[in-house]
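Chemist: Let me begin by handing over the structure; questions about it come next.
The values are calculated or read from the model by the stated rules, or taken from the named source; none is laboratory data. On a predicted model such as this, the values are computed, not experimentally measured, just so you know. The protein model used for the area step is the full one, side chains on, heavy atoms only, and it has no ligands, DNA or RNA in it. Shrake-Rupley method; radii C 1.70, N 1.55, O 1.52, S 1.80 Å.
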Amino acid sequence: LTSGEDRFPLRLALGAQNISSNDDTNIYMIRSKKIRQDLGIHFGFKAIFSEEEILPVFIGGADFILNEHIKLLTDVNGDGTDYIWNSGIELFLTDTLALKSNIIDLFATRTLERTYSIGLSYNKFL
């Protein structure tokens, strides 16, 4: 969702993750804003629903376009006690196809070890 007609509008993303999970379903709301053509920030929250409680989590981060083919990303999320840093890179193969790689929990602050992911992303707006 976008507000305004200006050059770098404030955007809003709403969503849900792990909908079929009994103890890790969450909803999120993120606001994002380009500061410059090559630099954007985002911030928001997610609520993790378990059988016992609802855990609120803060989310914030930035993305930097290095050149026409590479975007660097970083974000942090935390519940006030534990904060998890993530980092990633997107390599744009075409206008609609990107190779993505991420490091989740960069500093291994949780009891789980850091996680690595790699994948393809296809984006085309109708």
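Chemist: Throw me the Rg/Rh for region 45-114, computed over C-alpha atoms with Kirkwood Rh, two decimals.
Modeler: With Rg and the Kirkwood Rh in hand, the quotient comes to 1.08.
Chemist: Using a 1.4 Å probe and ignoring any ligands, DNA or RNA, find the accessible area of residue 42 and quote it in Å² to the nearest 10.
Modeler: Probe radius 1.4 Å; accessible area of residue 42 about 40 Å².
Chemist: Same structure, new question: What aspartates and glutamates sit close enough to residue 34 to cross-link, taking a C-alpha to C-alpha distance under 18 Å and skipping anything fewer than 8 places away on the same chain?
Modeler: 5, 6, 63, 68, 75, 90
Chemist: Next question. So how much accessible area does residue 81 have, in Å² to the nearest 10, using a 1.4 Å probe?
Modeler: Solvent-accessible area, nearest 10 Å²: 110 Å².
Chemist: To continue, here is another question. Taking only Cα atoms of the chain, what ratio of Rg to Rh do you get with Rh as the Kirkwood inverse-distance radius?
Modeler: Taking Rg over the Kirkwood Rh, I get 0.98.
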